[in-house]
């Protein structure tokens, strides 16, 4: 007999959490690069890249990293909430089903068993045209 898994994780969840994790790592990388650009000695390549990014987009690498990390966190939270609600509904459905089956089993033991009465029925043949 197969053992029923208590934790059901869909393929969508696995892929979505992996993508959110990759985007979160991307944000952490930008945060790290922004901090290194800010606190390393003055003339380094990261400081120049940070200045170019800040000039082009209005925000430096550090702030872009925070924004990207926040987006990944919010999306992962929404996915978690949606799937938690779905799993809670399934657990409640199983609980109601087991309670209903137990009640039917208890009520069914009191009822007498009646033999079915079968009467043969003749069907007329359909006329051929």
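The values are calculated or read from the model by the stated rules, or taken from the named source; none is laboratory data. Keep in mind that this is a model prediction, so the values were computed, not measured. A quick note on method: Cβ atoms are made from the backbone with ideal geometry, for glycine too, and the neighbour counts reach across all protein chains shown.
Before moving on, here are some points about what is shown:
- The residue pairs whose first member lies in the range 110-122 and is at positive phi and in a loop (DSSP other than H, G, I, E, B), whose second member is at pLDDT below 75 and surrounded by 10 or more Cβ atoms within 10 Å (Cβ to Cβ), and whose beta carbons are closer than 7 Å, counting only pairs six or more residues apart or on different chains, do not exist in this structure.
- Flag for residue 59 being assigned to a helix (DSSP H, G or I) and either under 30 Å from residue 10 (Cβ atoms) or at pLDDT 85 or above (or both): no
Every residue, every condition in (1) loosely packed, with under 10 Cβ neighbours inside 10 Å; (2) in a helix (DSSP H, G or I); (3) within 24 Å of the chain's Cα centre (by Cα), yes or no:
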residue	(1), (2), (3)
72	no, yes, yes
75	no, yes, yes
88	no, yes, yes
92	no, yes, yes
101	no, yes, no
106	yes, yes, no
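- Residue match in the range 29-37 (condition: without any contact (Cβ under 8 Å) to a residue 24 or more places away in the chain, loosely packed, with under 14 Cβ neighbours inside 10 Å and either more than 32 Å from the chain's Cα centre (by Cα) or assigned to a helix (DSSP H, G or I) (or both)): no
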